[in-house]
Amino acid sequence: MTGGFGVKGPFWALVSEWISPANKAAGIAMINSLANVSGFVAPFLLGFIKDQTGSFALGLLPMILMALVGAAVVLAMSRSIQRPSGALPWSELAANNSASRRAGPDLTGVGQSGLR
């Protein structure tokens, strides 16, 4: 359950980054529409395949394949996106952020301001 919800934050962050501000509302609406249609169609497809083959695992195969195709598309798109010069990829930003958290806040000069 946690793994399923763990991808939602990064997914919507990618959507917000990749779609232009003028088209964000339409893009997010399209994604929600496709998700609603697939939420309606997928159980019927799963049941149909299970009834035809007798295998629940084969019924899950189309959903597994769509997840793999989606992951491949995200990887391909992330490599083709042009970053502004000087922009760091997210992995380097995360490493820099975690290093600054370990160092802690800069407390030099605290207590010397004369606050009483």
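Within the range 25-44, take every residue that is under 20 Å from residue 12 (Cα atoms) and surrounded by 12 or more Cβ atoms within 10 Å (Cβ to Cβ) and give me the one that is modelled with the highest pLDDT.
Among those that are under 20 Å from residue 12 (Cα atoms) and surrounded by 12 or more Cβ atoms within 10 Å (Cβ to Cβ), it is 30.
One line per residue, one yes/no per condition, for (1) surrounded by 10 or more Cβ atoms within 10 Å (Cβ to Cβ); (2) modelled with pLDDT under 90; (3) part of a loop (DSSP other than H, G, I, E, B):
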site	(1), (2), (3)
46	yes, no, no
51	no, no, no
73	yes, yes, no
84	no, yes, yes
93	yes, yes, no
(message) Going by what's in this entry, would residue 16 be described as part of a helix (DSSP H, G or I) and either out of contact with any helix residue (DSSP H, G or I) (no Cβ under 9 Å at 6 or more places or on another chain) or closer than 21 Å to residue 62 by Cβ (or both)?
(response) no
(message) Within the range 8-24, take every residue that is within 10 Å of the chain's Cα centre (by Cα) and under 14 Å from residue 73 (Cβ atoms) and give me the one that is surrounded by the most Cβ atoms within 10 Å (Cβ to Cβ).
(response) 14
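The values are calculated or read from the model by the stated rules, or taken from the named source; none is laboratory data. These numbers come from a predicted model, not from an experiment. Note that we place each Cβ from the backbone using ideal geometry, even for glycine, and neighbour counts take in every protein chain shown.
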